[in-house]
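What follows is one structure encoded as structure tokens, with my remarks underneath.
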């Protein structure tokens, strides 16, 4: 078990400043910190609202040890150690273990990573809906007069939330940390009042209460397991947002603030269950005095907006990663802050998520009906993360097989238990995020298959360098003043766009650059490794520019830093030539099935143009249409 000791030793937090930890509290822990709003409410529904002291202790023990094993140990100590050059998230983990293709030996690992990422989109649609609804429903504890207004008000809040995304979150982000700190203090104090009245809830720290409850509760215990899982539904955010804050601040916020607050909140709610024996409402709001309900609803709504904001921006970041790794078409990405690199906005993702989230809110209408849809996607992603983590233990950390099996096996037991319990929710709404995830996964697979087919077709159109260069050196190709930059995916052949240009124009510019932009399977590329230059012929260079999978490519700026080009080149006046391809089916059987080809062609046709994706000067770009058969 030496490997395990080394992992824990290497997983110790850095020495983060308190302000960084406060920022991590606001961005990373919104979902986890607001889970007390609906977790025990879901458990109440699963049990019919009837509790004995022993069953209440068993449920609390189950929640306590789920938080400890899954978040405190699995994610904070082990998963966050599997960083890809400081970046986290299931796609970064997939790249770390060397999986980025659906062919060959890595296909299974790639399938896990892509499916996990796709399912997180489904979770991103459910999270804002259930969080905002459960916060607003707190007023029902005092009066039913506002009950008909809860759903419309949730729709208005979510409309505003998605509507302000285009302005970025740099300004409002400064308030996230203090608000979440206030939220954690409030829920901890509320929980403490319940613990003081029923101190025996502290006995739940003994895991035997959880084991005894599951052993004697039969089918109802399995239903409770599905509800208890909601206490960790924001766990993936710790890993996904690691690149923004680092491991130390995230761990400090969790161990010092969020975990104690959650334990006290769940303990206080459990004390209420033990006191009353029967409860029908939401134990979170039932725990508060009546005079505090309205301020608590306001604070809870603010906290759930932060939780929703975190999952939305997380979806933007994951989209960028999938795009750069070649699993999604190029989309328009806007940088919304000149100081915070992670502050980006992806319009098409924002509006699609808004439409789906509002549809879920209107369709389900309340948080208790929506609870059945929540957790299925996340439990699947957590299971897939553990499988990829096992591979990282063996391939990246070089652990022995026994050590890897022991550690991953413990996590798998927990993950499989929750995954199985959440399968019971499929008929009650769990199908919804799974369907969203399956659609996104299908789009990813179709896009990658189509892109591979396009590259193969372009390879057949290319001309070997020797023949083209012979024509260039012999003077059969005239040269005219100016600089032309031809964007190409080819790295070892003359670009088809250059061949077409010479054939139609009968000449080539005096200075010629064949430019290839590559996206690496690492988050960032150091400046000294950004560009590579090869002199192909007189005044003819091939330049390769590399970007990491989380970087926004600025090709024009990168070109100006390239060394080794001719001193007479004026890049500000250079003309960029790019192809605008139109995909059609070959006369013979297509690589893609008949139903998939139209979808790929639609995605390919509507992918962001090179001028936008690569930050090229629009006035200097010439796009040439071309038909490609696949």
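The values are calculated or read from the model by the stated rules, or taken from the named source; none is laboratory data. Fair warning: this is a prediction, and the values are worked out from it, not measured in the lab. With ideal geometry, Cβ positions are generated from the backbone for all residues, glycine too; neighbour counts draw on all protein chains shown.
With the condition kept exactly as written, say whether any residue in region 14-34 is modelled with pLDDT under 95 and over 28 Å from residue 180 (Cβ atoms).
No, every residue in region 14-34 fails to be modelled with pLDDT under 95 and over 28 Å from residue 180 (Cβ atoms).
Could you say which residue among 427, 403 is over 21 Å from the mean Cα position of the chain (by Cα), part of a helix (DSSP H, G or I) and either crowded, with 17+ Cβ neighbours inside 10 Å or modelled with pLDDT of 95 or more (or both)?
Result of the check over 427, 403: 403.
Hey, which of the helices (runs of 4 or more DSSP H) in region 533-627, taking only ones fully inside, have at least 3 residues that are within 21 Å of residue 482 (Cβ to Cβ)?
Helices (runs of 4 or more DSSP H) meeting the threshold: 555-560.
Check region 378-393 and report whether any residue there is in contact (Cβ under 8 Å) with a residue 12 or more places away in the chain and under 27 Å from residue 166 (Cβ atoms).
No.
Being surrounded by 17 or more Cβ atoms within 10 Å (Cβ to Cβ) and within 14 Å of residue 555 (Cβ to Cβ) is the filter here, so list the residues in region 490-529 that pass it.
Scanning region 490-529 gives 513, 514, 515, 516, 517, 519, 525.
Consider residue 458 carefully, then state whether it is at pLDDT below 95 and either out of contact with any helix residue (DSSP H, G or I) (no Cβ under 7 Å at 6 or more places or on another chain) or in a helix (DSSP H, G or I) (or both).
yes
Working carefully through the options 502, 512, find the one that is over 23 Å from residue 452 (Cβ atoms) and in a strand (DSSP E or B).
Every option except 512 fails the conditions.
Out of (1) under 23 Å from residue 303 (Cα atoms); (2) modelled with pLDDT under 90, what's the single condition that is false for residue 106?
That leaves (1) as the condition not met.
Out of all the residues in region 531-573, which are without any contact (Cβ under 8 Å) to a residue 60 or more places away in the chain and under 22 Å from residue 334 (Cβ atoms)?
545, 557, 558, listed by residue number.
Tally time: how many residues in region 36-54 are assigned to a helix (DSSP H, G or I) and buried (at least 24 other Cβ atoms within 10 Å of the Cβ)?
Looking only at that region, the number is 8.
Being farther than 30 Å from residue 284 by Cβ, at pLDDT 90 or above and assigned by TED's automatic domain parsing to the domain that holds residue 232 is the requirement here; does residue 56 meet it?
no
State which residue pairs qualify: first residue more than 21 Å from residue 519 (Cα to Cα) and inside region 327-344, second residue in a loop (DSSP other than H, G, I, E, B) and modelled with pLDDT under 85 in any location, beta carbons under 6 Å apart, and separation of 6 or more residues or different chains.
336/168; 336/343; 337/168; 337/343
For region 126-168, what are the residues that are exposed (fewer than 13 other Cβ atoms within 10 Å of the Cβ) and either outside the structural domain of residue 295 (by TED's automatic domain parsing) or assigned to a loop (DSSP other than H, G, I, E, B) (or both)?
Of everything in region 126-168, those that are exposed (fewer than 13 other Cβ atoms within 10 Å of the Cβ) and either outside the structural domain of residue 295 (by TED's automatic domain parsing) or assigned to a loop (DSSP other than H, G, I, E, B) (or both) turn out to be 143, 144, 145.
Please tell me if residue 345 is surrounded by fewer than 21 Cβ atoms within 10 Å (Cβ to Cβ), modelled with pLDDT under 90 and under 22 Å from residue 546 (Cα atoms).
Criteria not met by residue 345.
Within region 223-238, can one find any residue that is surrounded by fewer than 22 Cβ atoms within 10 Å (Cβ to Cβ), under 27 Å from residue 56 (Cα atoms) and outside the structural domain of residue 521 (by TED's automatic domain parsing)?
Checked against the condition, which is being surrounded by fewer than 22 Cβ atoms within 10 Å (Cβ to Cβ), under 27 Å from residue 56 (Cα atoms) and outside the structural domain of residue 521 (by TED's automatic domain parsing), region 223-238 yields at least one hit.
Checking residue 414 against (1) under 30 Å from residue 155 (Cβ atoms); (2) buried (at least 16 other Cβ atoms within 10 Å of the Cβ), which test does it fail?
Answer for residue 414: the failing condition is (1).
Do you know which residues across region 287-299 are under 17 Å from residue 147 (Cα atoms) and either surrounded by 20 or more Cβ atoms within 10 Å (Cβ to Cβ) or not assigned by TED's automatic domain parsing to the domain that holds residue 36 (or both)?
296, 297
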